[in-house]
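Undergrad: So that we are looking at the same thing, I have put the structure below in structure tokens.
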Amino acid sequence: QVQLVESGGGLVQAGGSLRLSCVSSGLPFGTYAMPWFRKTPGKDPEFVAAINWNGVSTRYGDSEKGRFTISRDNAKSTLYLQINSLKPEDTAVYYCAARSWQPSTLPNEYRYWGQGTQVTVSA
């Protein structure tokens, strides 16, 4: 059974930082591309960042460049998202996902999803 479990969200003031984690089990983590998406009520999931299987290749959404850093530790089957200089518009539920191919920016191309972690940024 595949499980992706996100953590690290919370309430933070604007300008602060958070590091989100996504721990994987039940799949060969080191061979999977992993992204972060975020979702707010009434909107489609927004692509945040993605990383290939060995961490060499990363891709970011246009609104996240420079403040977001995606990384992974295959030995720990864990994906990370470092978010700096948080803004109120970063408030969302952040999800990790997995697919056994190259990273994609499209949410419907990912088979496995976590339950999400809430990030709330106060002004």
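Undergrad: Give me the accessible area per residue for region 4-123, probe 1.4 Å, as a whole number in Å². Let's see the in-between values first.
TA: Working: 6040 Å² over 120 residues.
Accessible area per residue: 50 Å².
Undergrad: How large is the accessible surface of VAL119 in square angstrom, using a 1.4 angstrom probe and rounding to the nearest 10?
TA: Solvent-accessible area, nearest 10 Å²: 0 Å².
Undergrad: Still on this model: Work out how much length ASN52 to GLU109 would gain on full extension: take 0.36 nm times their residue separation and subtract the Cα-Cα distance, in nm to one decimal.
TA: Taking ASN52 through GLU109 to full extension adds about 19.1 nm, to one decimal.
Undergrad: Let me ask something additional. Compute the signed sum of charges (Lys and Arg +1, Asp and Glu -1) over the other residues within less than 13 Å, Cβ to Cβ, of THR117.
TA: Residues near THR117 contribute +1 overall.
Undergrad: While we're looking at this one, here's another question. What is the percent carbon and sulfur in the accessible area of the chain, measuring with a 1.4 Å probe over the protein chains and ignoring ligands? Walk me through the numbers before you get to the answer.
TA: Values: 3100 of 6360 Å².
Ligands and nucleic acids excluded, carbon and sulfur give 49 percent.
Undergrad: Could I ask something else about it? Between THR31 and GLU89, what is 0.36 nm times their sequence separation minus the Cα-Cα distance? Round to one decimal in nm. Don't skip to the end; give the middle numbers.
TA: On the way: separation 58, 0.36 × 58 = 20.88 nm, distance 3.27 nm.
Gain on extension, THR31 to GLU89, equals 17.6 nm.
Undergrad: Around GLN82, under 10 Å between beta carbons, what's the net of Lys plus Arg minus Asp minus Glu among the other residues? Please report the intermediate quantities before stating the final value.
TA: Details: positive: ARG19, ARG67; negative: none.
Cβ neighbours under 10 Å give a net charge of +2.
Undergrad: Keeping to pairs on different chains or 8 or more places apart, tell me how many lysine pairs in the chain have Cα atoms under 25 Å apart.
TA: For the chain, the number of qualifying lysine pairs is 5.
Undergrad: Let me ask another. What do you reckon, how do TRP101, TRP36, TRP113, TRP53 stack up by accessible area (1.4 Å probe), largest on top? Walk me through the numbers before you get to the answer.
TA: Values: TRP101 175, TRP36 0, TRP113 90, TRP53 130 Å².
Solvent-accessible surface, decreasing: TRP101, TRP53, TRP113, TRP36.
Undergrad: Have a look at PRO41, PRO88, PRO103 and tell me which one the Gaussian network model of the chain (Cα, springs below 10 Å) gives the largest fluctuation.
TA: Sorting by GNM fluctuation, first place goes to PRO41.
The values are calculated or read from the model by the stated rules, or taken from the named source; none is laboratory data. Note that this is a predicted model, so its numbers are computed, not measured. Note that each Cβ is placed from the backbone with ideal geometry, even for glycine, and that neighbours are counted across all protein chains shown. Accessible surface areas use protein heavy atoms only, side chains included; no ligands, DNA or RNA. Shrake-Rupley method; radii C 1.70, N 1.55, O 1.52, S 1.80 Å.
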